[in-house]
Structure formats: structure tokens, C-alpha cells
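The values are calculated or read from the model by the stated rules, or taken from the named source; none is laboratory data. None of these values were measured; they are calculated from a predicted model. Every residue, glycine among them, receives a Cβ derived from its backbone with ideal geometry; neighbour counts consider all protein chains shown.
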Amino acid sequence: MNHLKFKKTRLQLLMTVSSLVAGFCLLGDPASAATARHARHAAAEATSVSHVVKHKSNRGNSSRAAKRKRTDSPDARKLFGAQKLPADLPLSSIGTYTNGCLAGASLLPVDGAHYQAMRISRNRFWGHPRTIKYVRDLSDKAHADGWQGTLVGDMGQPRGGPMLTGHASHQIGLDVDLWLTPAPDRKLSDDEREKLDARSGLKVDSAELDPQVWTAAHESFVRDAAQGENVTRVFVTPAIKKALCAKKDPHGADTWWLNRLRPCHSGVCVGHDDHIHVRLSCKPGDKACHNQPAPDAGDGCGSEIDEAMKEVAADPPNKSAARLAAEQAERAKAARHGSGDKAGWEGDHSKVTELEVNPPFPLSKMPAQCKAVLKASSRVPIRGR
Ligand SMILES: [Zn+2]
């Protein structure tokens, strides 16, 4: 497991050659780095867990019947993943963030005044127009507040829906990932957008922020992201919320947005130490779109953060090569003794191949309108750069 070492060497080379700003992302093997990152993201957010629980909780005859039905139904991950263009239908987010699709999607141009889209080859820059407006507005505001430029991760597929790799959510065009690495002061090449990695804001093998990486500009960026129009949730590693809570006004002024920051812990999300995930609300009047229930009231700055921090400390997302190697050895030992965990949603994803990260997603369990979205003819967008 010399992966991290390899990444660091390449980073040092990059920093020397191109004088990129301090704190810019690590260079790494795009396939394995992306797989690990997306595997971490895959346990995804909130309601995704109920999908998994449903899969696991059926027992007995009804379970066998349900299983037969599921097996008979085509895998929606493959059907939606194969779509290259949006459905030529009236705009609508259909279903929930973790079980739905998107009709009439818009495309985020890969370059904006103050943002650059990453991993262009994935074709996941489709979304609801309010998400695209959000990215534009946030990147402009963040730039004005001192964040050099926003690097945009995945939004959704052309017709939304479940994905073969990565996210459990991002299905209705209202989710977007934003890197916690400022863009460099130049336009990245397509190749760099595939290979550069987001940099964790956490210390290695720790749940705590790394002061060598994490800056006031990072905090300002997260605050701007949470305060944006139509935002319902921003998923972050707990240390980020802890840092922002520590600076809140003791008299409760200007704390309304802290409730939107959702610290990752079991059953909610994992990782989110190198990017944040912003979720927007359904557009009013979009009757097919189902908002996630609002989080509990209050700023959420109490003991729940400490609890979440403990969980992260037990299984930190930014692991050293030594720790990764030790964990791999442990898993191999457990597998030899037949007691190894099967890699699943809640299990360790680091050893599963990319195509196995997400479980099959039967089309039959999706909202009925999503079948029409799959069947509709394509709309060719005007592609901007
Ligand atoms: Zn995400």
C-alpha cells in the first residue's frame, strides 16, 4: 500500500514544477483514488440507508417472493447509467434524493467565471436549473469572500437515477459535491480534472482538522455554501461543523445556517473531509419531488458533534499508508478465518471493485414516472465551456 506515498511524490513534483498554490490537491492514480473516494461517499446520505435496510430486512417467504421480483426487474443503475442525454420532457425532479430521476435536466458548463468542473468524463454535470444557478452564485460569492475558485464534483446523470458507482443519492438533480480544495489560478486541463484529487482537511488518522491545510478561507467557503439559496443540508465531516460552531455568536445572531450543516456519522454519511455535499430543496410546485424531512430544530452544535467525532476517530477517512496496510492485513486474516465482513453498504468498501460498490437497484422500486423518463427521446443541450 504505497499509494499515499506515491501520491505525495507526485504532489511534490507538481508543486515544484507548476508552483501551484499551497494546499492544492494531491495527484494520484485516478482509478484507485477515485474508487476509494467514491466508495467512501457511497454509504451516502440519510435516506439511502432506509433503502439498504429494506433490502436487508425482508425475511421468509415474502422475502423470497420479493427477491424474485427484484431479480426480474431490470437494474436501474445500468439503465440510467447508460443515458448520455437528458429526457426531452418538462422539467421535474421525480421521487426522493435516493430513489428518483430527473426529467428535462440542464447541463452545468464545465467552466464558469469562478468554478471548474472536475472528472468531466463521468458525465455527471446534469441537474435541476436551481442547482446550476446555485453553483454559479456560490462560486461567485465565495470568490468575492477570498476562495480562489470552486472545484465542482459530481452533480447527477443526464436523467438522474441511481449510479453504478459512487453516490446513493444525487438522483433528482438537486445534489452537488464541491471540493474542499480551492481551484488554482488557471484553467485546469481535461487530464488534470481526471487525475487531481481533492485534499482532506483532516489530519492523517484523525478526526481533527489539520491546521496545515484548513484555513479561514475554507471556513468561509463552507459558510457561504450553507447560506446559499434553497439549501437544505450540507454534509460535512464533524470537525468542520465543530470549527464553525466554535465561532458562532454567543447571543445566537447569524446562526440560522448552522442547522444545515449535517455532521457525518453512521447512518447519515461517511467521509466528506475532502469535499462537501450540498442538497437543495425541491422546487415549489414540482409535485413529483419529495423533500427530505427537515432536521431537528436548533443549531446542532451540542454533544451530537462530539459523538460524531468519536465515530470518525475510530475509522478516520484520511488514513496513513501504515494504517491502511495494517487494516488490510487484518481483513485478510479475518477472511482466512472465515469471519471477514462481507463488503456492503455499512462495511468496508476499500476492497470491492468499482462496479460492485452500489448494490443492484431494481427499476420496479422506482417511481413509475421514471420509466417514462428512461423511454423519452433525448434533448440535445447547448454545451458551454
Ligand atoms: Zn455527494
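Structure above, values below:
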| item | result |
| --- | --- |
| Failed item in (1) more than 16 Å from the ligand (Cβ to nearest atom); (2) touching a residue at least 24 places away in the same chain (Cβ under 8 Å), with Ala314 passing the rest | (2) |
| Output for region 74-86, where each listed residue is assigned to a loop (DSSP other than H, G, I, E, B) and either at pLDDT 95 or above or crowded, with 24+ Cβ neighbours inside 10 Å (or both) | Ala82, Gln83, Lys84, Leu85, Pro86 |
| Entirely in region 87-192, the strands (runs of 3 or more DSSP E) that have 2 or more residues that are within 16 Å of the ligand (Cβ to nearest atom) and either touching an Asp or Glu at 6+ places or on another chain (Cβ under 6 Å) or modelled with pLDDT under 95 (or both) | none |
| Residue in region 269-302 that is farthest from the ligand (Cβ to nearest atom), counting only those that are under 19 Å from the mean Cα position of the chain (by Cα) and not in a loop (DSSP other than H, G, I, E, B) | Leu280 |
| From the options His265, His251, His218, His275, residue that is without any contact (Cβ under 8 Å) to a residue 12 or more places away in the chain and either of a type outside the set (D, E, K, R) or in contact with an Asp or Glu (Cβ under 6 Å, 6 or more places away or on another chain) (or both) | His251 |
| Index of the failed condition, Lys195 passing every other in (1) touching a residue at least 40 places away in the same chain (Cβ under 8 Å); (2) within 13 Å of the ligand (Cβ to nearest atom) | (2) |
| Flag if Gly149 is small (Gly, Ala, Ser), over 24 Å from Leu258 (Cβ atoms) and surrounded by fewer than 24 Cβ atoms within 10 Å (Cβ to Cβ) | yes |
| Region 161-187, residues that are touching a helix residue (DSSP H, G or I) at 6+ places or on another chain (Cβ under 7 Å) and at positive phi | Gly161, Gly166, Gly173 |
| Filter pass, Val312 being at pLDDT below 90 and touching a helix residue (DSSP H, G or I) at 6+ places or on another chain (Cβ under 7 Å) | no |
